[in-house]
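Below is one structure, written out as structure tokens; the observations come after it.
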């Protein structure tokens, strides 16, 4: 199902400071995958797949502000097709900030600004098979 908020991102200036803050305040688990300048965040219990193990919460990530599409937190919404969604976004008065970008073999991301100036991410899961 698409249209769901499936991820969040929090930009930082000091990665270790940000990771420690969220670990201590909320008990979030953080992990930096090898070869990535990105921190994966588990905001609750996770399954072996890294996905939430129970309903009611989403996981996210943290990244250096210089790589972020926004200066503040961003929600990420799942879509069937980033290309189709970006087309609708532009037709509805939004603007593309970062076009379709591969994220390893997991899927694709993009970022846009809505007509109110809010930055939102979109996510397309890579097809398996």
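The values are calculated or read from the model by the stated rules, or taken from the named source; none is laboratory data. As the structure is a computational prediction, the values presented were derived from the model and not from experiment. Please note: Cβ atoms are built from the backbone with ideal geometry, for glycine as well, and neighbour counts cover all protein chains shown.
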In segment 20-54, which residues are under 16 Å from the mean Cα position of the chain (by Cα) and in a helix (DSSP H, G or I)? none
Condition check for residue 115: over 20 Å from residue 19 (Cβ atoms), part of a loop (DSSP other than H, G, I, E, B) and at pLDDT 90 or above: yes
If you take the residues in segment 1-18 that are more than 15 Å from residue 74 (Cβ to Cβ) and over 16 Å from the mean Cα position of the chain (by Cα), which one is surrounded by the fewest Cβ atoms within 10 Å (Cβ to Cβ)? 1
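Residues are listed down the side, and each one gets a yes or a no for (1) in a loop (DSSP other than H, G, I, E, B); (2) loosely packed, with under 12 Cβ neighbours inside 10 Å; (3) modelled with pLDDT of 95 or more; (4) within 13 Å of the chain's Cα centre (by Cα):
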residue	(1), (2), (3), (4)
58	yes, no, no, yes
70	yes, no, no, yes
97	no, no, yes, no
105	yes, yes, no, no
Find all pairs meeting these conditions: Cβ atoms under 6 angstrom apart; at least six residues apart or on different chains; first residue within segment 72-99 and at negative phi; second residue assigned to a helix (DSSP H, G or I). 79/85; 96/86
